[in-house]
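Input: a single structure, listed below in structure tokens.
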Amino acid sequence: MTLIPDSRYYTLNRNMRFVLNRLNCFRRPRLAVAMFVALALSCSACHGPFSINAAARNGDLKTVKSLIQDNPDLVFSKDDDGFTPLQSAAAGDHKDVAEILLSNKADVNARDNRGGTALHMVAAAGFKDMAECLLAHNADVNARDNDGITPLRLTGVPDNTAMAELLLAHQADFDARDKNGNTMLYEAAADGHKDMVELLLAHGADANARNNDGHTPLQAASAGDHKDVVEILLAHKADVNAMNNNGSTALKVVAVMGLDDMVELLLAHNADVNARGENGVTVLHEAAMMGRVNVVELLLTHNADVDAREDDGATPLFAAAVGGHRDVVGMLVAHKADINAKDKKGHTPLYYAAATGHEDVVELLRQHGGQE
């Protein structure tokens with residue numbers, strides 16, 4: 001008889017790949033932010049030798065004055081990227097030029113094609129004196145660009161806490177969310193920026209804010225293996241058992257990734273070792289499926305239920321058998337896992353090990369009395 005694995009186990013494999021793909025969102029490249037910084041620091045488009053934007057970007061105060069005198073409306077002009085002369089001056093950190101433009105009624109909150117303002121630019125570049133100048137002229141400290149990113153958020157690109165402190169002193173919203181629902185604290189935690197995390201928490205940032213996918217700063221820091229940041233968040237009452245939209249806790253995330261030290265840290269802070277996510281899957285199920293033998297041992301040491309059943313009746317031993325992880329199978333058996341447990345289809349771990357061609361696992365299970 002040819003054994004064919006149930007579709008449920010193909011689904012489980014797909015689900016695990018999905019979990020790993022989802023983990024990438026914790027380390028999501030800050031593409032939008034990086035592009036903004038690149039634009040902010042690049043030379044504005046030049047339309048001829050006497051372009052006011054080019055003069056402002058290069059700090060040519062004499063030319064800027066001359067051009068404004070001839071045509072005052074030039075302060076409102078924009079280049080191909082939507083930058084105004086003020087934004088160009090800000091990008092070049094030319095405070096004297098910026099002050100002349102502002103004294104000639106330049107719009108301090110004018111937006112470029114990406115929705116960014118001059119304050120966005122200087123926050124990203126770390127030009128503190130320029131930022132103070134713009135704020136003194138009523139720059140909107142909480143202006144959002146097209147991605148929902150505020151100037152404060154851009155201080156995390158070079159991890160500039162001094163700039164962040166300045167913006168916070170001017171009532172920057174520390175819990176502002178971008179279009180993905182991420183807060184500044186989430187991004188700082190994901191990047192492992194300890195000083196920024198501490199600064200934001202000191203100002204009252206929400207340690208348990210969830211983004212659109214339900215991920216918290218603690219989950220982001222855990223996935224990034226940033227132990228110091230995780231400890232800070234936990235000290236500020238971050239919920240160690242918070243679940244994202246897929247039913248995963250921080251413990252489940254790091255267990256899948258095989259981050260042994262992080263697993264141990266979260267368990268030491270009372271992470272629920274038997275928390276169930278979608279379809280009743282526990283942390284031990286997922287660690288067993290991925291073959292994370294060290295993590296499996298840690299979980300069992302902390303009283304993980306060795307025979308916990310998913311909604312379809314499968315135990316962690318099923319997951320290890322399907323994955324072909326002989327060492328994990330051996331460990332589960334050594335911890336008295338029910339070797340002949342049956343799922344709702346009436347099949348045992350040995351059945352699935354044979355069906356998926358893992359002969360070494362089949363042999364091990366048979367040695368311990370396993371049956372099909």
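The values are calculated or read from the model by the stated rules, or taken from the named source; none is laboratory data. These numbers were taken from a predicted model, which means no experiment stands behind them. Positions of Cβ are generated from backbone atoms using ideal geometry, with glycine treated the same way; all protein chains shown enter the neighbour counts.
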Q: Could you tell me whether any residue of the stretch 333-351 is free of Cβ contacts under 8 Å to residues at least 24 places away in the same chain, outside any helix (DSSP H, G or I) and surrounded by fewer than 18 Cβ atoms within 10 Å (Cβ to Cβ)?
A: yes
Q) List, please: which pairs have Cβ atoms under 7 Å, are six or more places apart or on different chains, and start with a residue in the stretch 131-157 that is closer than 24 Å to VAL197 by Cα and end with one that is among the hydroxyl-bearing types (Ser, Thr, Tyr)? A) ASP140/THR117; ASN142/THR150; ALA143/THR117; ALA143/THR150; ARG144/THR150
Q. If you scan the stretch 132-142, which residues turn out to be over 26 Å from the mean Cα position of the chain (by Cα) and either not acidic (Asp, Glu) or not in a helix (DSSP H, G or I) (or both)?
A. CYS133, LEU134, LEU135, ALA136, HIS137, ASN138, ALA139, ASP140
Q.
For the stretch 248-291, give me the residue count where each residue is under 15 Å from THR216 (Cβ atoms) and out of contact with any helix residue (DSSP H, G or I) (no Cβ under 8 Å at 6 or more places or on another chain).
A. 0
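With over 12 Å from LEU299 (Cβ atoms) and buried (at least 16 other Cβ atoms within 10 Å of the Cβ) as the only criterion, which of ALA238, ALA255, ALA268 stands out? Working first, answer last.
Values: ALA255 fails: over 12 Å from LEU299 (Cβ atoms); ALA268 fails: buried (at least 16 other Cβ atoms within 10 Å of the Cβ).
Only one candidate qualifies: ALA238.
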Q) Taking the stretch 263-274, which residues are part of a helix (DSSP H, G or I) and either more than 26 Å from ASP175 (Cα to Cα) or among the aromatic types (Phe, Trp, Tyr) (or both)? A) VAL263, GLU264, LEU265, LEU267, ALA268
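If you check ASP73, ASP79, ASP107, ASP112, which single one turns out to be part of a helix (DSSP H, G or I) and acidic (Asp, Glu)? Steps first, answer last, please.
Values: ASP79 fails: part of a helix (DSSP H, G or I); ASP107 fails: part of a helix (DSSP H, G or I); ASP112 fails: part of a helix (DSSP H, G or I).
Of ASP73, ASP79, ASP107, ASP112, the one residue that is part of a helix (DSSP H, G or I) and acidic (Asp, Glu) is ASP73.
Out of the helices (runs of 4 or more DSSP H) lying entirely within the stretch 208-262, which hold 1 or more residues that are touching a Phe, Trp or Tyr at 6+ places or on another chain (Cβ under 6 Å)?
On the way: elements: 217-223, 227-235, 250-257.
Helices (runs of 4 or more DSSP H) meeting the threshold: 217-223.
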**Q.** Conditions (1) part of a helix (DSSP H, G or I); (2) surrounded by 24 or more Cβ atoms within 10 Å (Cβ to Cβ); number of the one not met by ASP129
**A.** (2)
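Going residue by residue through the stretch 193-212, is there one that turns out to be under 10 Å from the mean Cα position of the chain (by Cα) and β-branched (Val, Ile, Thr)? Break it down into steps so the answer makes sense when it comes.
Our first condition is that a residue be under 10 Å from the mean Cα position of the chain (by Cα); within the stretch 193-212, this holds for 211.
If we keep only those that are β-branched (Val, Ile, Thr) too, we end up with none.
No: the stretch 193-212 contains no residue that is under 10 Å from the mean Cα position of the chain (by Cα) and β-branched (Val, Ile, Thr).
From the set of residues in the stretch 143-173 that are part of a loop (DSSP other than H, G, I, E, B) and aliphatic (A, V, I, L, M), which is surrounded by the most Cβ atoms within 10 Å (Cβ to Cβ)?
Going through the stretch 143-173, the residues part of a loop (DSSP other than H, G, I, E, B) turn out to be 143-150, 155-160, 170-173.
Narrowing the set further to residues that are aliphatic (A, V, I, L, M) leaves 143, 149, 157, 172.
Details: ALA143: 18, ILE149: 28, VAL157: 19, ALA172: 22.
Looking at residues that are part of a loop (DSSP other than H, G, I, E, B) and aliphatic (A, V, I, L, M), I get ILE149.
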Q. For GLY192, are the conditions met, namely being assigned by TED's automatic domain parsing to the domain that holds GLY323 and crowded, with 17+ Cβ neighbours inside 10 Å?
A. no
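Taking the stated definitions as given, is ASP225 in contact (Cβ under 8 Å) with a residue 60 or more places away in the chain, within 15 Å of the chain's Cα centre (by Cα) and not assigned by TED's automatic domain parsing to the domain that holds THR315?
Details: in contact (Cβ under 8 Å) with a residue 60 or more places away in the chain: no; within 15 Å of the chain's Cα centre (by Cα): yes; not assigned by TED's automatic domain parsing to the domain that holds THR315: yes.
In short, no.
Confirm whether LEU152 is under 26 Å from GLU231 (Cβ atoms) and under 15 Å from the mean Cα position of the chain (by Cα). Quick ask: steps written out before the conclusion?
On the way: under 26 Å from GLU231 (Cβ atoms): yes; under 15 Å from the mean Cα position of the chain (by Cα): no.
In short, no.
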